[in-house]
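Remarks on the structure that follows.
The values are calculated or read from the model by the stated rules, or taken from the named source; none is laboratory data. This one's a predicted model, so the numbers in the text were calculated from it and none came from an experiment. Heads up, the Cβs are rebuilt from the backbone with ideal geometry, glycines too, and the neighbour counts pull from every protein chain shown.
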Amino acid sequence: MRQFVRGLSLALATLVFGIPHALAQGAETWPNRVVKVVVPYPAGGATDSIARLVAAKLQQQLGQSFIVENKGGAGGNIGADAVAKAAPDGYTILFNINGHAIAPAIYSKLSYSPDDDFIRVTQIAATSTVLVINPQVPAQNFQELVALAKSKPGVLNYGSTGIGNSLHLTMELIKQMTGTDIQMVPFQGDGQLFQSLFRNDLQVALVPSSITKPHIEAGTLRALGITTLKRSTTLPNVPTLDEAGLKGFENRGWMGLFLPKGTPQDIVDKLAREMKKGVESPDMKERFAENELEAIGSTPEEFEKVYRADRIKFEKIVKDAKIQVR
């Protein structure tokens, strides 16, 4: 009986103390099998293309397969929910944009918590957007656009590819700061929005710099301001909105990596370090620059601060603009 009790005690000790040890061993050897990178948007878009660059770079550096899985739908919530419920072992990663910080302000009921179900691992890149108008609009600069909008409240239209996304909310912030009334027109995608801009059915839009640069250079769209505090190196003649008169204005989007809550800290830190090394490599910097992205590679603590600041900012914009919560 004494031997049975001693054997049972040893077994329990192994069970209790062996789990942390196993996790530690997993952190040391991670990754030793295929890692899934979930993109909560359809394949073929800008977010998807950058996620594939990131996955390829991590695969190259870590010598293990990183595969991208697209789980689009519900404004990114389906894919995010899948990762929130995944095993916290480092083998399911969420690649997401700052819509992740907007979701709690837009959706009254979510099947997961963007705040509590994830670890913010690293901000990979910062994105910029540019305010453009149809060249037929009689405004040569941002201040003239503001004056025109104030003289014709509710007459000008701006386009958005989604109610509650960062472009929509940033435009609403510009309206709040300038006291203008420009009507929002929703579109299913960038293609439809640009066609309406070219026809002057739509006068104004806030759009990603990466896909707008060719139209600005061709003269089919007129750029009035970029949303970063520093001018773009590839669009050096476009002023920042701060320079254009909207003092202190800055609104940069981001792309980042998230892991399910409970993932061992060693894995979190290793992924952040590898991603920083990846985005700082010359080939990735070049590819990012081509897509109007600024390479970041932040620590988990730095990314946490960026995320929390956006949560507060977008929640206030939604409230002040009286945007209906879904």
As an exercise: evaluate L221 against (1) surrounded by 14 or more Cβ atoms within 10 Å (Cβ to Cβ); (2) modelled with pLDDT under 95; (3) more than 23 Å from K316 (Cβ to Cβ) and give the number of the one condition it does not meet.
(2)
Of these, F187, F194, which one is modelled with pLDDT under 95 and touching a Leu at 6+ places or on another chain (Cβ under 6 Å)?
F187
Index of the failed condition, F258 passing every other in (1) within 15 Å of L167 (Cβ to Cβ); (2) among the aromatic types (F, W, Y); (3) not assigned by TED's automatic domain parsing to the domain that holds Q140:
(1)
Determine whether the range 277-285 contains at least one residue that is within 27 Å of G63 (Cβ to Cβ), in contact with a Gly (Cβ under 9 Å, 6 or more places away or on another chain) and among the basic types (K, R).
yes
Note on the range 179-222: residues within 24 Å of G164 (Cα to Cα) and acidic (D, E) are D181, D190, D201
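Which is hydrophobic (A, V, I, L, M, F, W, C), closer than 29 Å to P104 by Cβ and in contact with a His (Cβ under 9 Å, 6 or more places away or on another chain), of M184, M255? Full working, then the answer.
Details: M255 fails: in contact with a His (Cβ under 9 Å, 6 or more places away or on another chain).
When all the criteria are applied, what remains is M184.
Taking I211 as the residue in question, decide whether it is surrounded by fewer than 18 Cβ atoms within 10 Å (Cβ to Cβ) and of a type in the set (A, V, I, L, M). Quick ask: steps written out before the conclusion?
On the way: surrounded by fewer than 18 Cβ atoms within 10 Å (Cβ to Cβ): yes; of a type in the set (A, V, I, L, M): yes.
It is true that I211 is surrounded by fewer than 18 Cβ atoms within 10 Å (Cβ to Cβ) and of a type in the set (A, V, I, L, M).
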If you check T240 against the conditions, is it under 23 Å from E290 (Cα atoms) and either of a type in the set (G, A, S) or at pLDDT below 95 (or both)?
no
Which members of the range 105-116 meet the condition of being touching a residue at least 40 places away in the same chain (Cβ under 8 Å) and surrounded by fewer than 19 Cβ atoms within 10 Å (Cβ to Cβ)?
Y107, S108, D115, D116
Here are some conditions: (1) within 19 Å of F288 (Cα to Cα); (2) at pLDDT below 95. A51 meets all but one. Which one does it not meet?
(2)
Can you tell me which residues in the range 246-267 are closer than 26 Å to I93 by Cα, more than 19 Å from the chain's Cα centre (by Cα) and surrounded by 17 or more Cβ atoms within 10 Å (Cβ to Cβ)?
T263, P264, I267
Give the number of residues within the range 30-89 that are of a type outside the set (V, I, T), in a helix (DSSP H, G or I) and over 22 Å from G278 (Cα atoms).
9
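Out of I163, I119, I133, report the one residue that is hydrophobic (A, V, I, L, M, F, W, C), crowded, with 17+ Cβ neighbours inside 10 Å and closer than 18 Å to D310 by Cα. Before you say what the answer is, go through the steps one by one.
Working: I163 fails: crowded, with 17+ Cβ neighbours inside 10 Å; I133 fails: closer than 18 Å to D310 by Cα.
Going through I163, I119, I133 in turn, just one is hydrophobic (A, V, I, L, M, F, W, C), crowded, with 17+ Cβ neighbours inside 10 Å and closer than 18 Å to D310 by Cα: I119.
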Quick test for you: out of E302, E292, E243, pick the one residue that is under 27 Å from L94 (Cβ atoms), surrounded by fewer than 18 Cβ atoms within 10 Å (Cβ to Cβ) and either within 18 Å of the chain's Cα centre (by Cα) or not assigned by TED's automatic domain parsing to the domain that holds Q192 (or both).
E302
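Can you confirm whether R308 is basic (K, R), surrounded by fewer than 18 Cβ atoms within 10 Å (Cβ to Cβ) and in contact with a Ser or Thr (Cβ under 9 Å, 6 or more places away or on another chain)? Steps first, please.
Working: basic (K, R): yes; surrounded by fewer than 18 Cβ atoms within 10 Å (Cβ to Cβ): yes; in contact with a Ser or Thr (Cβ under 9 Å, 6 or more places away or on another chain): no.
So R308 fails the test.
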Provide a single number: the residues in the range 147-160 that are buried (at least 22 other Cβ atoms within 10 Å of the Cβ) and more than 28 Å from G189 (Cβ to Cβ).
0
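Which helices (runs of 4 or more DSSP H) sit wholly inside the range 243-326 and have at least 1 residues that are within 16 Å of A103 (Cβ to Cβ)?
Working: elements: 265-279, 282-290, 300-320.
Answer list for the range 243-326: 300-320.
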Answer residue from the range 224-240, given it is surrounded by fewer than 20 Cβ atoms within 10 Å (Cβ to Cβ) and among the aliphatic types (A, V, I, L, M) and is nearest to Q203 (Cα to Cα) among those
L235
Residues in the range 117-125: is at least one closer than 22 Å to L259 by Cβ, in contact with a helix residue (DSSP H, G or I) (Cβ under 6 Å, 6 or more places away or on another chain) and free of Cβ contacts under 8 Å to residues at least 60 places away in the same chain?
no
Of (1) part of a helix (DSSP H, G or I); (2) surrounded by fewer than 17 Cβ atoms within 10 Å (Cβ to Cβ); (3) in contact (Cβ under 8 Å) with a residue 60 or more places away in the chain, I102 satisfies every one except (2)
